[in-house]
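Below is one structure, written out as structure tokens, with a few remarks after it.
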Amino acid sequence: MIVRTRIAPSPTGKDVHVGSISTGLMNYAWAKKNGGQFIIRIEDTDQSRIVPGGEKKMLETLDAIGLKADESPKVGGPFAPYRQSERLDIYKKYALELIAKGKAYYCTCPPERLDSMRKQQQAEKKMPKYDRQCFHNQAEIKKQVEAGASHVIRLLMPEKEIVFHDLIRGTITVQSNTLDDQVLLKSDGFPTYHLGVVVDDHLMEISHIIRGEEWLPSTPKHIILFEAFGWKIPEFAHVSLLRNPDKSKLSKRKNPVWTSEYLEKGILKEALLNYLALMGWSHPDGKEIFSLEEYVKVFDLKDVQTTAPVFDPVKLEWMNGEYIRNLKFEILNLKIQEYIGGDYDKKIIEKTIPLVRERLKKLSDYLPLCSFIFHAPATFEVDMGTYKDLLKNISDTLSTVSDWKALTVGEAMGDLAKKLEMKNSEFFMVLRVAITGKKISPPLNESMELLGKEECLRRINNTFLASVGPSQL
Ligand code: GLU
């Protein structure tokens, strides 16, 4: 069997959800591991929920993160088009085929009738289900349809027990009398999700449908449809949804859910993929850090667990920090340059990296840590007013340092603190705030070496002037 997997995002959000990347990874790995193909199909049949620009962004993000599809709306492929809104004739043809086979029927019931029927069923505590009025009058309804009446096409749900095997969840049994006569083709000529997904998964020769567990209730309907067409039923695997650390469903209210939000704050794509690969699956050797290539080699659907995986952005940042520390110097240098943009001196960036590398959890941590190197602080985290004498002392001592190195600066400052009988912690706090504006910064002596004598003196003197205030000058 040729393994062909797919993800089928609907552009109903502004980007790809991190949960979809996690399922996408499994699809990608399963296809690649088995020498097959990974496909991206855009399911845009619910026109009322489409977010403008969503599809473009989704495809860009999937590209940016490195989940390269063998077939997609962007790269095309033998089963094009890969966007459902361009396949309407295909769905119509297959819906009509089901009518011809007696497995589906026309329905012209107006929404008001369906509404009142549903309300009544709810009031009677019955399962909401279409009552088949149109099915029982099919000859008459057909005439109305031929005369141009607005209509849908519904599946005639057969009476049976549906049994299927989910590769992650085992055997699942559903009685078809719990299922409605699903609408397949809507009055606007668009298919519903159920018809679109089954027709496309068949025509695109998808061998394994690996998707989120929220689609599990739809699977029995899909099986009935595959059977109605007389098509081979693909393998199914339903993956558990990601949860917040408090076990609630991952939602934008607690943490960012869009993949690009993580990339934009400087999470490396390799780290994000690595972290997401661990959602519901673990490396057979218990490893936490591994490449996409390695994941593809060792991933197996049978190892995916049903327990809800916890997506913890704090753990993701930790992992990203590990990736940053392991990057080759030149690569990290380039990534930081690319991330912060062209307004900063490249030679200086290069020199700052050894000072901050250990502290970076994400690329966006760089500027808050290092901006003082590029711009003298405009504000100070501590009121410098009480330290004007000390600042003057520091300035006088620093002017005498001739060989301006981290070590000599450190020694001169240590000696001064001793001479003034000040605690090192307080002394260096004042010096640090005068130079960087902040109480916490990269190593101070090294930063001062990097800034140079002239700039350090200028900063100390300016801080002194600011501490004295204009009236006392
Ligand atoms: N269009 C569905 C979605 O937005 C895909 C469901 C499936 O994979 O079958 O996630």
Requested in this report: Considering each residue of segment 362-394, count those that are surrounded by fewer than 18 Cβ atoms within 10 Å (Cβ to Cβ) and either under 30 Å from Ser260 (Cα atoms) or small (Gly, Ala, Ser) (or both), and give that number.
Outcome: 9
Query raised in the report: Looking only at segment 214-242, which residues are within 12 Å of the ligand (Cβ to nearest atom), of a type in the set (A, V, I, L, M, F, W, C), outside any loop (DSSP other than H, G, I, E, B) and surrounded by fewer than 20 Cβ atoms within 10 Å (Cβ to Cβ)?
Result: Trp215, Leu216
Query raised in the report: From Lys388, Lys418, Lys361, which residue is assigned to a helix (DSSP H, G or I), more than 18 Å from Asn462 (Cβ to Cβ) and either of a type outside the set (Ser, Thr, Tyr) or under 32 Å from the mean Cα position of the chain (by Cα) (or both)?
Result: Lys418
Report task. Being surrounded by fewer than 20 Cβ atoms within 10 Å (Cβ to Cβ), under 23 Å from the mean Cα position of the chain (by Cα) and either aliphatic (A, V, I, L, M) or within 8 Å of the ligand (Cβ to nearest atom) (or both) is the filter here, so list the residues in segment 198-213 that pass it. Result -> Gly212
Query raised in the report: Can you find even one residue in segment 89-96 that is within 14 Å of the ligand (Cβ to nearest atom) and not aromatic (Phe, Trp, Tyr)?
Result: no
Requested in this report: Exactly one condition in (1) within 21 Å of the chain's Cα centre (by Cα); (2) at pLDDT 95 or above; (3) not basic (Lys, Arg) is not met by Gly66; state its number.
Outcome: (2)
Query raised in the report: Does Leu195 satisfy the condition of being surrounded by fewer than 18 Cβ atoms within 10 Å (Cβ to Cβ), under 19 Å from Lys93 (Cβ atoms) and within 15 Å of the ligand (Cβ to nearest atom)?
Result: no
Query raised in the report: Which residue, of Tyr82, Tyr91, is in contact with a Pro (Cβ under 8 Å, 6 or more places away or on another chain), at pLDDT 95 or above, closer than 30 Å to Asn274 by Cβ and among the hydroxyl-bearing types (Ser, Thr, Tyr)?
Result: Tyr82
**Report entry** Set Lys92, Lys32, Lys56: member being buried (at least 19 other Cβ atoms within 10 Å of the Cβ) and assigned to a helix (DSSP H, G or I)
**Finding:** Lys32
Report summary line: In the set Glu43, Glu71, the lone residue that is charged (D, E, K, R) and either farther than 25 Å from Ala308 by Cβ or away from the ligand (no atom under 16 Å from the Cβ) (or both) is Glu71
Report summary line: Asn177: passes all of (1) in a strand (DSSP E or B); (2) surrounded by fewer than 19 Cβ atoms within 10 Å (Cβ to Cβ); (3) away from the ligand (no atom under 16 Å from the Cβ) but (1)
**Report entry** Test result for Cys456, closer than 29 Å to Leu268 by Cα, at pLDDT 95 or above, under 44 Å from the mean Cα position of the chain (by Cα) and assigned to a helix (DSSP H, G or I)
**Finding:** no
Query raised in the report: Quick check: is even one residue across segment 167-182 aliphatic (A, V, I, L, M) and more than 25 Å from Gly19 (Cβ to Cβ)?
Result: yes
Requested in this report: For segment 9-30, indicate whether the set of residues that are away from the ligand (no atom under 14 Å from the Cβ) and among the polar types (S, T, N, Q) is non-empty.
Outcome: no
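The values are calculated or read from the model by the stated rules, or taken from the named source; none is laboratory data. The structure presented is a predicted model; accordingly, all values stated were derived computationally and were not measured. Glycine gets a Cβ as well: all are built from the backbone with ideal geometry, and neighbour counts include every protein chain shown.
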